[in-house]
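What follows is calculated from the coordinates using simple rules that are stated; it is not laboratory data. Remember, predicted model here, so these are calculated numbers, not experimental data. Here the Cβ positions follow ideal geometry from the backbone for every residue, glycine too, while neighbour counts run over all protein chains shown.
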Amino acid sequence: MQREDRPKSVSSLVAAFCFASRVPILLILVGSAEKTTHFGLSGMAHFVQGTLITIFDEVFMITVVSGLPRSGTSLMMQMIVAGGIPALTDGLRSADENNLKGYLEWESAKALPQSPTAIAAAEGKVVKVISALLRSLPGPFEYQVIFMCRPLEEVITSQNRMLERLGREVAPAPQASVVTAFTNHLKEVKKWLAEQPNMSVLYVDYPAVVQQPAVESARISEFLGQSLNVEFMTAQVEKSLYRERSGAMAGKS
């Protein structure tokens with residue numbers, strides 16, 4: 001998106017003054033009281049940060065890795081971090097049998113519907129936000145979204161295997177109905193993404209990443225507009241960790 005097309009919210013903030021590094025910032029806000037009190041104190045701080053960036057026309061891109069759970073989002077996070085973009089992660093969810101190389105998750109992503117402006121912490125970084133939470137990403141930020149795609153049968157199988165490894169009960173819902181629900185969800189999300197002026201999207205096929213990691217890494221680096229270390233990105237892919245495969249992929253090593 002061109003700089004002149006960026007969404008503006010300058011009318012929400014007249015000026016900001018910082019007298020010293022240890023002195024609070026004085027904010028002069030205009031607009032309806034509802035808009036200024038909706039976020040709460042913490043949320044307003046993030047909102048002001050985003051607005052100031054807009055005013056001074058220095059918008060730092062937020063890279064988002066998204067998709068259904070178990071669609072390859074953790075692998076993509078690992079690849080992008082290895083390529084050179086730092087991750088926004090809290091380390092609360094450590095590696096386990098279901099994800100031997102780690103999840104690189106940010107727990108606050110789950111609270112984006114209630115505190116959307118917390119995403120300001122992801123400026124200049126890459127963060128994982130599952131597809132169901134993408135609609136909670138606010139302006140005036142700009143986003144580059146890497147959306148992971150994986151055969152739905154594999155996604156469902158992987159989710160079930162994860163539950164089994166954790167000793168949890170797997171819901172007896174027919175796979176066909178789950179596939180239909182996921183299909184409808186993905187259609188809605190993709191339609192919504194296509195309508196967002198502050199988001200650019202690259203759809204990445206998980207099986208393709210596993211089979212030709214160098215090609216996909218180069219494509220991702222080009223999309224992000226950065227000279228990422230494609231060699232390091234490629235090295236993150238271990239075909240042995242692609243455990244739930246479908247169709248012709250099951251016969252490939």
Ranked by how many other beta carbons lie within 10 Å on average, peptides 104-117, 191-204 from highest: 104-117, 191-204
Given Lys110/Lys191; Lys190/Lys239; Lys187/Lys239, the pairs whose alpha carbons are separated by over 26 Å: Lys190/Lys239; Lys187/Lys239
Normalised contact order of the stretch 61-237, rounded percent, pairs of Cα under 8 Å and 6 or more residues apart: 31
Positive-end residue, the stretch 61-237 charge dipole about Cα centroid, Cβ charges, pick of Val155, Trp106, Val145: Val155
Two-decimal Rg/Rh across the stretch 61-237, once Rg and the Kirkwood Rh are taken from alpha-carbon atoms: 0.95
